[in-house]
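Below you'll find the structure, written out as structure tokens, and then a few comments.
The values are calculated or read from the model by the stated rules, or taken from the named source; none is laboratory data. Just so it is clear, the structure is predicted and the values come from calculations on it, not from any experiment. A quick note on method: Cβ atoms are made from the backbone with ideal geometry, for glycine too, and the neighbour counts reach across all protein chains shown. Heavy atoms of the whole protein, side chains included, go into the accessibility calculation; ligands, DNA and RNA do not. Shrake-Rupley method; radii C 1.70, N 1.55, O 1.52, S 1.80 Å.
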Amino acid sequence: MAKTQLGARVDQDVAELAKRRAADLGLSIGDYLARLVQDDASGLRARAVDAAARFLAEHQTVFDEAEQGERTPRGANAA
């Protein structure tokens with residue numbers, strides 16, 4: 001597949017984040033950005049966010065209980 005060069009200006013912190021994330025994934029910045037665009041255009045990212053939101057909604061009580069347990073000092077419920 002032929003490659004086309006694109007130019008974009010982003011804030012320095014966004015550029016550094018993109019470089020680090022691409023390196024973490026073992027990708028070039030171009031391949032990383034191509035993956036992001038393909039995932040976004042295919043709806044994959046939106047479906048993943050929706051799935052995560054459904055998961056959190058279905059299991060919110062578990063997270064609430066765990067968080068409450070972390071706030072309760074040890075021995076606070078002792079007789």
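Over the chain, the fraction of Cα-Cα pairs per 5 Å bin, rounded to whole percents and listed from the shortest bin up, is 3, 11, 12, 14, 13, 9, 10, 10, 6, 5, 4, 2, 1, 0, 0. Tell me the carbon and sulfur percent of the accessible area for the chain, rounded to whole percent, probe radius 1.4 Å. It is 54 percent, rounded to a whole number.
On the basis of the beta-carbon distance and an R0 of 30 Å, D50 and L6 show a calculated FRET efficiency of 0.55. Phi angles of the stretch 46-52 translate, via the Karplus equation with coefficients 6.51, -1.76, 1.60 and θ = phi - 60°, into HN-Hα couplings of 5, 5, 5, 5, 4, 5, 5 Hz per residue; Gly and Pro are given as x. Helix 60-71 axis versus longest C-alpha principal axis of the chain: approximately 60°, rounded to the nearest ten.
Summing Cβ point charges (Lys, Arg +1; Asp, Glu -1) relative to the Cα centre of the chain gives a dipole of roughly 320 debye. Taking the charge dipole of the chain about its Cα centre, with +1 at Lys and Arg Cβ atoms and -1 at Asp and Glu Cβ atoms, the residue from G7, G69, F55 reaching farthest to the positive side is G7. Once the Cα-Cα distance is subtracted from the 0.36 nm per residue extended length, the A18 to R35 segment shows a gain of 4.9 nm. Between L27 and any residue 5 or more places off or on another chain, the built amide H atoms are never under 5 Å apart.
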